[in-house]
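The next block holds one structure in the form of structure tokens; read it before the comments.
The values are calculated or read from the model by the stated rules, or taken from the named source; none is laboratory data. Worth saying up front: this structure is predicted, and the values here are computed from it rather than measured. Cβ placement follows ideal geometry from the backbone for every residue including glycine, while neighbour counts extend to all protein chains displayed.
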């Protein structure tokens, strides 16, 4: 048995691999279905490795992505990002200028978020034992919600919101790798904390997640399975750009499996829906209600299609494009 | 200008690269010359990337090394390791068995230290874009000393202790890579917290460091430069095994530049020397006083040689063997 590319998809095979790893750590792990762990004093911690190829792309680069990707895992848990610890694995022969461009853009987004760089490490790998640069970022912060947001808070009737068009990052990276024209498509790579912070003051917000590897579909499957509840979303309500629709069409990808790097999905109590949407609209004008949580078909995500049918949404079973983040 | 193997040595070129990175982060970094940062509530944080080749070696493997290496950075700061967040970059085609052997030995040392696994990430890289497995580990813990140990605490007259024979890990990995007979040599890879914990109750302990990449010589240079004080060590007092001496001889390496992964150097007030040595002797019978801090020749480390002379110790200027940790 060997590790295959599909184990990095973020979908079903990744889940299974992680389950096997956690099985070894059974009595020494704090595992609560979230990407960000909460330890004492409400401190939130997450870690993420970034290997994106190409390293520089419209809308971002590996440095910006490392800070956004890791701090977004905190933001969607209602945790204010305060610190990052960053480890660089660099391939011998990388132009120093490329390293510093990536560090500089990591710096700019850290500055914007007022996140401090507290620890770092650099290792250099001989040529051919890495591809350019890989960055692992551990982000730490302070939980500021009364109750931590999480899968365990979901209940039937909760409304599901997408904060913006989905799949932009995944579609862009796939298009670049296949040599397709990306038109005006940009990655949505952006910090989510500015969007999430005002929501931490609204008690009816239940659960949120950034839709990275595996896309919106995978997040909703994890929620449905984790909460043993059903989720129903409506194809016509999912915010999508014209470019993502046509790229997914050309490449044969399901838009629900395309990664976002600055777009979140949020579950809220219907009583606070208006307040949440008002708050989001300022910075995320394309946010939209896309579905709801239900006590029917527990563990299953259903998609109402445009032509009136209903299909089951699953996590990806393989990897569409490796190294998207 | 390109990144070269020497930038990963842990010596002078690494210091310069890190300085350039920190220069970009000037107003957004918490940098106090230590490998472990202290944030609010006495929480200590460190991050380390591990790429060691071979992945399995006498005395340890990449999994054990990742937990020891990262938690040791906390231990030498007087910080009890409590949590690890671990990120795996895996090359497609790695036998799953090898991944699980590494995870299993990471688990065993975590269990021994009662360190909890709080967050993880796995990414899979296409064949040829990594070599087997790289692990980045962020360790978190609680400072338990009255004053944090650190370079700023050093004063003239402090006595310098090595907790055990130096250079074992570096000599072993170099020998394996050059295909030399390693005899009964084992890596010293081990957690330092069991050794350091009793010292946290002794007020005269000033500063400690695990002598990883760059070896004992590099740590002492960093101390002398960081504290603007001189350091003098005596060649005859440095604990060394017969195997390390002969391997260093054959390979032309300076033992002061060979990495340790379970051996620390500690600076203590002479008033508490007896108490510190009594505490260390139990678990580290080969610990030894090797020198002292002085107000002469600030910034310079001097080595009294066996033949009666004195030579300046510097950090390595190049990389002896890449991927030792």
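When you check residue B:60 against the structure, is it modelled with pLDDT of 95 or more and under 19 Å from the mean Cα position of the chain (by Cα), yes or no? For residue B:60, the condition - modelled with pLDDT of 95 or more and under 19 Å from the mean Cα position of the chain (by Cα) - is met. Do we find that residue B:47 is under 22 Å from the mean Cα position of the chain (by Cα), facing chain A (nearest Cβ under 7 Å) and under 21 Å from residue A:138 (Cα atoms) in this structure? The answer is yes for residue B:47. Within the stretch A:60-77, identify whether any single residue is in contact with a strand residue (DSSP E or B) (Cβ under 7 Å, 6 or more places away or on another chain) and within 7 Å of chain B (Cβ to nearest Cβ), and answer yes or no. No: zero hits. In the set B:210, B:158, only one residue is crowded, with 23+ Cβ neighbours inside 10 Å, under 19 Å from residue B:301 (Cα atoms) and more than 19 Å from the chain's Cα centre (by Cα); that residue is B:158.
Within this structure, residue B:99 passes the test of being surrounded by 23 or more Cβ atoms within 10 Å (Cβ to Cβ) and farther than 17 Å from residue A:47 by Cα. Once the stretch A:82-96 is narrowed to residues that are at the interface with another protein chain (Cβ under 7 Å from one of its Cβ atoms) and over 20 Å from residue A:192 (Cβ atoms), the residue that is surrounded by the fewest Cβ atoms within 10 Å (Cβ to Cβ) is A:95. Inside the stretch B:205-254, residues that are under 25 Å from residue B:74 (Cβ atoms) and not in a strand (DSSP E or B) make up a count of 19.
Taking into account only those residues within the stretch B:69-97 that are part of a loop (DSSP other than H, G, I, E, B) and more than 19 Å from the chain's Cα centre (by Cα), which is nearest to residue B:127 (Cα to Cα)? Among them, the one singled out is B:92. For the stretch A:255-307, which positions are under 21 Å from the mean Cα position of the chain (by Cα) and in a loop (DSSP other than H, G, I, E, B)? Within the stretch A:255-307, A:258, A:259, A:260, A:261, A:262, A:263, A:284, A:285, A:286, A:287, A:299, A:300 meet the criteria.
Scanning the stretch A:1-19 for residues that are more than 12 Å from residue B:120 (Cβ to Cβ) and either part of a loop (DSSP other than H, G, I, E, B) or facing chain B (nearest Cβ under 9 Å) (or both) returns A:1, A:2, A:3, A:4, A:5, A:6, A:7, A:8, A:9, A:10, A:11. Of the set (1) under 30 Å from residue B:184 (Cα atoms); (2) touching a helix residue (DSSP H, G or I) at 6+ places or on another chain (Cβ under 8 Å), all apply to residue B:73 but (2).
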